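Pasting a structure here, questions to come.
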Amino acid sequence: MPVPTFLVIGAMKSGTSSLHDYLGQHPDVFTTRRKELDFFCRKYQRGLPWYEAQFARAADSKAAGESSPNYLKAHIWPRTAARIHHVVPDAKLICVLRNPIDRTLSNYLHDVRRGREKGSFSEQLATDSKILMTSRYAWQLERYLALFDPAQITLVGTERLAREPQQVLTHLFRFIGVDDGVAVDTARRSNVTASRLAASGRTVPDDPALVIDDNGISLTDTMRARLAEIFAPDVARLSELWPDAPRWDLA
């Protein structure tokens, strides 16, 4: 098995780390030790032999995959979907989608923790639309639908993955072609932004759009309403493309 049979393509800050861990617990599933290979976006120049080498130990597995949320960033790497289709046209694609408002805030906090973002949340939205574009799921996924059979793509809601992990995994195991009766340990969680932000020692810039208290960091009602208006058309389009797509209350 020189190349993957499935890919978790995103979205960033939506639970891909936890899902990568869960899938890898299945005895018939191989997942790469390094979760984010980013081959089809940032590292394509390394060549197919390098990519195949990441799956060298997958020969005895019924399914093999990797998880790179950057594959759902067409505004930065517009050729990703085409590259995936060229190399693994029969691969199954798994997309974990979180409420776009919550994902956008989490993305911002992630950038603050990494030292990539010095400005406030409001300033970031006004000057850089990258985190907004990452949350436009329908716009992103239409590039994949233009190349892949819809039956090769499945959408998973982050909220449902947290609420009903075993039910979601039963569906995903069946989707990638392995025994769907295997139970995995879903008690552990990966990459929790709030705790990692605190551990980093970085602070969030003052911003009237954010509420910072003992319960954590959240958006004001006014900012949530603004983002709901921004994302509503894309969420509606997602439901048109996938009638069973995750649904969120953007209010």
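The values are calculated or read from the model by the stated rules, or taken from the named source; none is laboratory data. A quick note: this is a predicted structure, and the numbers were derived from the prediction, not measured. We place every Cβ from the backbone using ideal geometry, glycine too, and count neighbours over all the protein chains shown.
Given the condition outside any helix (DSSP H, G or I), out of contact with any His (no Cβ under 7 Å at 6 or more places or on another chain) and basic (Lys, Arg), answer yes or no: does some residue in segment 178-192 qualify?
Taking every residue of segment 178-192 in turn, at least one turns out to be outside any helix (DSSP H, G or I), out of contact with any His (no Cβ under 7 Å at 6 or more places or on another chain) and basic (Lys, Arg).
Residues in segment 90-102 that are touching a Leu at 6+ places or on another chain (Cβ under 8 Å) and either over 30 Å from Arg174 (Cβ atoms) or not small (Gly, Ala, Ser) (or both): how many?
9
Can I ask one more? Yes or no: Ala63 among the small types (Gly, Ala, Ser) and touching a residue at least 40 places away in the same chain (Cβ under 8 Å)?
yes
Going through segment 109-126 one residue at a time, which ones are outside any helix (DSSP H, G or I) and surrounded by fewer than 18 Cβ atoms within 10 Å (Cβ to Cβ)?
Within segment 109-126, Arg114, Gly115, Arg116, Lys118, Gly119 meet the criteria.
A further question on this structure: Within segment 127-141, which residues are out of contact with any Lys or Arg (no Cβ under 8 Å at 6 or more places or on another chain) and surrounded by 15 or more Cβ atoms within 10 Å (Cβ to Cβ)?
Ile131, Leu132, Arg136, Tyr137, Leu141
So, one more: Taking the criterion of being farther than 30 Å from Thr220 by Cα, at pLDDT 95 or above and not aliphatic (A, V, I, L, M), would at least one residue in segment 123-138 satisfy it?
For segment 123-138, residues farther than 30 Å from Thr220 by Cα, at pLDDT 95 or above and not aliphatic (A, V, I, L, M): absent.
For Trp77, only one of the following conditions fails: (1) of a type outside the set (Asp, Glu); (2) part of a helix (DSSP H, G or I); (3) touching a Cys at 6+ places or on another chain (Cβ under 7 Å). What is its number?
Going through the list (1) of a type outside the set (Asp, Glu); (2) part of a helix (DSSP H, G or I); (3) touching a Cys at 6+ places or on another chain (Cβ under 7 Å), Trp77 breaks only (2).
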